[in-house]
Amino acid sequence: MNISVVVPLLNEAESLPELCAWIEKVMKDYHFSYEICLIDDGSTDGSWSVIEQLASQNPNIHGVKFRRNYGKSAALNVGFEMAKGDVIITMDADLQDSPDEIPELYRMVTKDGYDIVSGWKKKRYDPLMKTLPTKLFNWAARKMSGIYLHDFNCGLKAYKSQVVKSIEVYGEMHRYIPVIAKSAGFAKITEKEVEHRARKYGVTKFGLNRFINGFLDLMSISFIGKFGKRPMHFFGGLGTLIFVLGFFAVVWLGIQKWVFLTRGIGAPLITNSPFFYIAIMCMIIGTQLFLAGYVAELVSRNSPTRNHYLIEKTL
């Protein structure tokens, strides 16, 4: 099968028939073998009834319905598991992503050899309160990840099948699939300018809290990518550094006290100095960080994925 189109959705009953008909037309025009995987993330507007009707009319349409709303990452993860195509295309169900982009995305993956092609909605039809935080978010993501994409959160993306079968998406990590894929060894990542269409049906699911959550998720992914299999290198190194600074500060205060006493100079009590308490606190925090790294190392070494590596080729 050439293409699997994975569509996570929440309360998009009005747009689904038009979206599926549009995708079907593109696939027939370009003679692609395909499937459409519709993942209903706990809709309450009758979206599942629409999916059942569409699936009865087109055997290439498959659906999954969650009992409740789990989030876009969960929907994508299930869609990736069920996808059977050589190239997996993800897109939103609100018709703001154009299926006409699919052939070029497919060509860039199969012909140009990219692991991931991410859409870039250069011209957007979103309000200013959404576009400005989005630009800040994308800037921070570029700086922290080293992946220079203009639009990390664009729902329209294309993946090699091996990419989505090798990663796990959870929580709200769908924004950072390129970052997760890069840490797994899929570094051929590029972007393509795509059309952003004005919303035709329904209401936006946008919320400002996603930027706070997104920043925290980015920090988590960056940390896990670097230290997930060697947490002692981070916690142990940082703890040792802080402990040593505190220890030498205490030693310095002791030497200073000793010099004063040997010269007959009245010396104040060490405990009267604020630096003494700062030094002791540094030693305590350093010890705690070191022990945290030790415990994390024990957990990591007992993880079932501790020796899980992606092998590209064998002879």
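The values are calculated or read from the model by the stated rules, or taken from the named source; none is laboratory data. In this text, all values refer to a predicted model and were calculated from it rather than measured experimentally. Cβ: placed from backbone, ideal geometry, glycine included. Neighbour counts: every protein chain shown. In case anyone asks, the SASA skips ligands and DNA or RNA and just uses the protein heavy atoms, side chains included. Shrake-Rupley method; radii C 1.70, N 1.55, O 1.52, S 1.80 Å.
Computed values, structure above
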item	result
LEU132/GLU18 FRET efficiency (R0 30 Å; Cβ-Cβ; nearest 0.05)	0.45
Net dipole in debye of the stretch 1-139 [+1 Lys, Arg Cβ; -1 Asp, Glu Cβ; about Cα centre; nearest 20]	420
Value of relative contact order over the chain, rounded to a whole percent, pairs C-alpha under 8 Å and six or more apart	17
For the stretch 1-85: rounded, prolate or oblate by the Cα gyration tensor [a/c cutoff 1.5]	oblate
Nearest-ten-degree value, helix 16-29 long axis tilted from longest Cα axis of the chain	70
Cα lying deepest toward the dipole's positive end in the chain, options GLY239, ALA55, LEU38, charges on Cβ	GLY239
Computed [θ] at 222 nm, helices only, for the chain once each DSSP H run of length n ≥ 4 contributes -39500 (n - 2.57)	-16000 deg cm²/dmol
Part-to-part distance (alpha-carbon centres) for the stretch 134-194 and the stretch 53-84, which is given in Å	21
Aspartates and glutamates whose Cα lies under 14 Å from that of LYS165, excluding same-chain neighbours fewer than 8 positions away	GLU81, ASP86, ASP115, GLU312
Degrees separating the helix 72-82 axis from the principal Cα axis of the chain, which is the longest one	60
Per-pair calculated FRET efficiency, R0 = 30 Å: MET82 and THR110 via Cβ, rounded to 0.05	0.90
The chain - share of DSSP beta bridges that are antiparallel (%, nearest 5)	30
Prolate/oblate/rounded call for the stretch 82-189, Cα gyration tensor, a/c under 1.5 rounded	oblate
The stretch 1-74: relative contact order as a whole-number percent, Cα under 8 Å and 6+ apart	38
Rounded accessible area per residue of the chain, 1.4 Å, Å²	55
Whole-number percent relative contact order across the stretch 111-193, with pairs defined as alpha carbons under 8 Å at least 6 apart	51
Three-way shape label, the stretch 1-155, alpha-carbon gyration tensor, a/c 1.5	oblate
Structure-derived Rg and Dmax of the Cα atoms in Å: which label, when the choices are [x] 26.4, 98; [y] 17.9, 52; [z] 21.6, 65	[x]
Using a Förster distance of 35 Å, the FRET efficiency for THR262-TYR294 (Cβ separation, nearest 0.05)	0.30
Whole-angstrom gap from the stretch 111-125 to the stretch 217-272, using each part's C-alpha centre	47
Full-stretch length increase - TYR30, LEU245 - with 0.36 nm per residue and alpha-carbon distance subtracted	70.8 nm
Carbon and sulfur %, accessible surface of the chain computed with the full protein complex present, 1.4 Å	61
Tilt relative to the chain, helix 128-145 - C-alpha long axis, 0 to 90 degrees, to 10	60
